[in-house]
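Enquirer: This is the structure I want to talk about, given as structure tokens.
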Amino acid sequence: MKKLKNMLSIVLSLTIFFSVSSSVFAEEQTDAEVYELEGLQKIVLTSDEVVYYEIDEVDVTNPNARGSYKSKTATGRFYLTSSGSTVAEYSLSVTFYYDGKRVLESGNRAWMGNYAKGWSGTAVSGWNWISNSYMYVSGYFTLYKDSIYNNSHTLTIYCDQNGKITVN
């Protein structure tokens, strides 16, 4: 049974990882205006720079537990606005445990890789409780060109005690 659970967990994680996309420019960002457009989050950075990203979630429930587990993964890419070429990819995966009274983070992973020549980056994650019934995990992604800072992006995934997940 444990092997089956482990295999299911791996399959679901890979499904989540490869089913979500997001994009960020490999240039300095400015304050952004955010609004919804046909299920996509659209962030207008300047008149000619636009970022789109999609978020998908998969529920994983353990029927033997008093609560439930829910996982969400957001992935994205940094790309050049001049050519559209991808220079790096990143993702944040989080699993929350919730039981109607409280929420806990039970695992997270921030990843960055698949760099174009001359590009590098770092990925760090951290979590914080706002209260027993609301918390979040953030992934901080920093991009470098020839070891010089170029851009950064933060993904934050929130969850409440009822398993409602939102992404900012």
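Enquirer: What percent of all Cα-Cα pairs in segment 96-165 falls into each 5 Å bin, going from 0 up to the bin containing the maximum distance?
Expert: Each 5 Å bin holds this share of Cα pairs: 4, 17, 22, 16, 13, 9, 9, 6, 3, 1.
Enquirer: So with the 1.4 Å probe, I'd like the accessible area per residue for segment 64-168, rounded to whole Å².
Expert: Here the per-residue accessible area is 49 Å².
Enquirer: Can I ask one more? Among the listed pairs LYS117/LYS164; LYS70/LYS117; LYS72/LYS117, which are separated by more than 32 Å between their Cα atoms?
Expert: Checking Cα-Cα distances, LYS117/LYS164; LYS70/LYS117 exceed 32 Å.
Enquirer: Something else about it: Under a Cβ-Cβ cut-off of 12 Å, what is the net charge of the residues other than ASP160 that fall near it, where Lys and Arg count +1 and Asp and Glu count -1?
Expert: Overall, the nearby charge balance is +3.
The values are calculated or read from the model by the stated rules, or taken from the named source; none is laboratory data. All values derive from a computational prediction rather than experimental measurement. Using ideal geometry, Cβ is built from the backbone for each residue, glycine included, and neighbour counts are taken over all protein chains shown. Surface areas here come from the heavy atoms of the whole protein model, side chains and all, with no ligands, DNA or RNA. Shrake-Rupley method; radii C 1.70, N 1.55, O 1.52, S 1.80 Å.
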